[in-house]
Amino acid sequence: MALKGLSTAQKAGLVLAAACYIVAGALHFIKPAAYMRIVPPYIPWHLAMVLITGVLEILGGVGLLIPQTRRNAAWGLVALLAAIFPANLYMATNPIETGSASIAPVLRWARLPLQLLLVWWLLWCSRPRTVFR
């Protein structure tokens, strides 16, 4: 895993992001029922969607660690964050149906703007430093 061209902070952020996405993706297979509950009812094939997004998270996390795929993996994960936004919104607005009633409303709603922070994090840690001469 070559991390040339990245600052120390970017390297740490990149490895942490990769680990988080790989673990999160694996959890889709370990505990699919928890993820299926937050898929909005208008989206078909809940189990398939949970498993597909799990695979995409794992592939994106691994892709972040490969220099040749790093930037594309980051953009792919950004697209995935946009695609799963309806599930986060559904979880915030339907706590009983999604099994998240025990989570404080402020935390359920905080997931929504957190998506923007995750987008920034992916793009920041995958962008090579610019060297001015």
message: List the residue pairs whose Cβ atoms are under 6 Å apart, where the first residue sits in segment 38-62 and is farther than 25 Å from SER126 by Cα, the second is of a type in the set (Asp, Glu) and modelled with pLDDT of 95 or more, and the two are 6 or more positions apart or on different chains.
response: none
- request: Could you please let me know if ALA18 is modelled with pLDDT of 95 or more, buried (at least 16 other Cβ atoms within 10 Å of the Cβ) and over 19 Å from TRP124 (Cα atoms)?
  value: no
query: Considering segment 21-48 alone, what residues qualify as being loosely packed, with under 15 Cβ neighbours inside 10 Å and not in a helix (DSSP H, G or I)?
result: LYS31, PRO41, TYR42, ILE43, PRO44, TRP45
message: Taking the conditions exactly as written (among the β-branched types (Val, Ile, Thr), within 17 Å of the chain's Cα centre (by Cα) and at pLDDT 95 or above), does ILE52 satisfy them or not?
response: yes
Selected residue (criterion: modelled with the highest pLDDT) from residues of segment 94-133 that are of a type outside the set (A, V, I, L, M, F, W, C) and surrounded by fewer than 13 Cβ atoms within 10 Å (Cβ to Cβ): PRO113
query: Tell me, which residue of segment 21-46 that is farther than 16 Å from ALA73 by Cα, within 19 Å of the chain's Cα centre (by Cα) and of a type in the set (Phe, Trp, Tyr) is modelled with the lowest pLDDT?
result: TYR35
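The values are calculated or read from the model by the stated rules, or taken from the named source; none is laboratory data. Owing to the predicted nature of the structure, the values given are computational and were not obtained by experimental measurement. Note: ideal-geometry Cβ built from the backbone for every residue, glycine included; neighbour counts use all protein chains shown.
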